[in-house]
Amino acid sequence: MDHRFQVNLRGVIDLLSHHLYSTPGVFVRELLQNATDAIRARRHLEPSHPGTVRLELIEKQDGGLPTLLFSDDGVGLTEEELHRFLATIGESSKRETLEARRDDFIGQFGIGLLSCFMVCDELLVVTRSAKGDGRTMEWRGRHDGTYAVRPSEHPLEHPGTQVFLVARADAAEYFTAERVRQLAVHYGGLLPFPIHLTVDGRAEHLNPAPPPWRSEYASAGERRAALLAYGREVFGQDFVDCIPLRTEAGQVEGVAFVLPFSPHFNARQKHRVYLKDMLLSESAENLLPEWAFFVKCVVNAQGLRPTASREAFYEDATLARARDALGQCLRQYLVELAHGDPRTLQRLIALHGLSVKALALDDDDFYRLVIHWLPFETTLGMMTLGQYRQSFASVRYVNTLDAFRQVARVAAAQGLCILNGAYTHDTALLEKLPRLLPDAQVELFSAAQLPQGFEELTAEERQTVARLRQVATEALEPFRCEVSIKKFLPPEVPTLYGDVDDGAFRRDVERAREETDELYASVLEGALAESREEERPQLCFNLRNPVVRRLARVRDDAQLKLSVEMLYVQALLLGHRPLNAREMALLNRGLLGLIAARLDDDEGTGGMH
């Protein structure tokens, strides 16, 4: 034997108020929605019907709790429809029509009217159907799950529906003129049918103007100003710019506002969304792509599906297509900025730089969109990657700040443009370039490569510096450092120390070995042995430098060796290289030697010449 489910209305109302709806105030939205759907249904019968929604706050003469009256001149309900649709949870008066006209109505679930029981204990619905026999019927429903239907003693002159709600004591705050006005504008401000509120005999038109993206303007500047003013009104803040949105997928239109601050790229923005001109949610998160963190938007959709609570969009293929299309609108905005207003694009990237970079690493499509507009520090000044690639075939970069400081001055003097990849995400962005753009060439640069482009010495100059080369080679052999002598700019730089790719690692291992215990030192010795097989670092002397030219003429081997050692240590320090124990001893010995030489010179016993 089959049995029917029994529904406890009190339990359903508790479910609505505590779990499905975010606030009892949504009853205004549900009634506006029902009125709007009724007007649209009547337009199927009478296409020229204008449609109006009226709200009236009725105060009791005896000071009792007020009554709120919702009226519409929609299609109305017959007696049979009252029993079928208002007394059956989950049954919607739109359901039959939805199969043929699904895009016309907002409600689909047949539970909207129950939201009224969150603020009142009894509902009175007075209705006259445009399709029936002209009778006016009353449906009186109570929160205990009982209801009654009978002919009304006060017939309506025209088709339509009236809903009477008597405030419950604990919900009286929702029945003040200010609160009713605020809720009606909040939820129904974009509705195409006029909404009138009457309080104390005075009527007020609550939605006289269409949304700004549907209005006509004399110029693009006037339109932009109106949209930004609307964004300020909706979100209570000023925005940097606005982006019109329109897609065929989901029939979405609206505007996105560029935030004036930089949020974290994982912080999903909450958007105000309308469904068929009725507010759906102020905190929708699933409408825009995840990478669109830098905008907040207001949109109206005609072709998306709401969830049961009608406070979010249902995830389906249509929403996915709409999300992609809206993302394309934002991409097109960035592309148009790139071509028509690059300064605004650069300001936007400067404002949201770190988040833009982080997202570009995570989203390949976004990476391709913005990578050439991202600014980088280079040895020739700040420039975008696009500007860099227009002038240089290969993208050369260093990945530490110390390496950039070491090469910046010398590379700039040679006209070499090296990117500084030391800042957050920059190296990872550059390394990703050839993976997504196969024609791009990216190269990790080191100071050891700079001498390759320096000017070679003439035969006469090589003979002049032969002794300096020999003494320097012998002095630096204990440090496994090779010596070269060339000419380069700027002339005030006497030497340049160049590491191989793992030079910094080798120096760190050496210093750690010196500072640790014997067991761990043996482990580090193995790593150091592998590194020693690699190409040695190099100290390049600059013959354009006056000090180096003077050194080439020094005949005192001790003084020449001491000067070479000090220039070696100076080059390490300028390159921000940590000194190991032997190099620290060299520095100390060199300083003491220079002091002694100075003292000897003061006593007339000789010195450097």
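Taken together, the values in this text are just the output of simple stated rules run on the coordinates, not laboratory data. Values in this document were obtained by computation on a predicted structure and should not be read as measured data. Note that we place each Cβ from the backbone using ideal geometry, even for glycine, and neighbour counts take in every protein chain shown.
Points to keep in mind about this one:
- The range 482-497 and the range 166-218: distance between their alpha carbon centers, rounded to Å: 78
- Normalised by 2.2 N^0.38 Å, with N the number of residues, the alpha-carbon radius of gyration of the range 374-443 equals 1.02.
- Positive minus negative residues near Pro210 (Lys, Arg vs Asp, Glu; Cβ under 12 Å): -2
- Computed over the range 223-343, the percent of Cα pairs more than 25 Å apart is 18.
- Residue order, fewest to most surrounding Cβ atoms within 10 angstrom, among Leu206, Leu572, Leu599: Leu599, Leu206, Leu572
- Electrostatic tally near Asp341: other residues with Cβ closer than 15 Å to its Cβ, Lys and Arg +1, Asp and Glu -1, net +1.
- FRET E, pair Thr307, Met382, Förster distance 51 Å, beta-carbon r, rounded to 0.05: 0.60
- Annotation: peptides 188-201, 215-228, ranked by per-residue average of other Cβ atoms within 10 Å with the highest first, follow the order 188-201, 215-228.
- Neighbour-count ranking [beta-carbon atoms within 10 angstrom, fewest first] of His154, His49: His154, His49
- Taken over the alpha carbons of the range 192-235 as equal point scatterers, the Debye sum produces base-10 log I(q)/I(0) values at 0.25, 0.34 Å⁻¹ of -0.88, -1.13.
- Reachable lysines, given that their alpha-carbon falls under 28 Å from the alpha-carbon of Lys296 and they are not under 8 places away in the same chain: Lys270, Lys276, Lys357
- The Glu456 and Leu354 beta-carbon pair, evaluated with R₀ = 41 Å, returns a calculated FRET efficiency of approximately 0.40.
- Residue (of Gln463, Leu450, Pro434) at the positive-pole extreme of the range 413-481, dipole from beta-carbon charges: Pro434
- Cα-based Rg / Dmax (Å) for the range 346-400: 11.5, 30
- Only alpha carbons enter this Debye calculation for the range 285-353, each as an equal point scatterer, and the log10 of I(q)/I(0) it gives at q = 0.17, 0.22, 0.27 Å⁻¹ is -0.70, -0.97, -1.26.
- Per residue Cα convex hull volume in Å³ - calculated over the range 125-213: 163
- Counting charges near Gly201 (Lys, Arg +1; Asp, Glu -1) among other residues having Cβ under 15 Å from its Cβ returns a value of -2.
- As a size descriptor, the averaged projected area of the C-alpha convex hull of the range 340-457 was calculated at 7.8 nm².
- Residue exposure proxy: Met584, Met382, Met137, ordered by other Cβ atoms within 10 angstrom of their Cβ from fewest to most, comes out as Met382, Met584, Met137.
- Using θ = phi - 60° and Karplus 6.51 cos²θ - 1.76 cosθ + 1.60, couplings along the range 563-571 (whole Hz; Gly, Pro as x): 5, 4, 4, 5, 5, 5, 5, 4, 5
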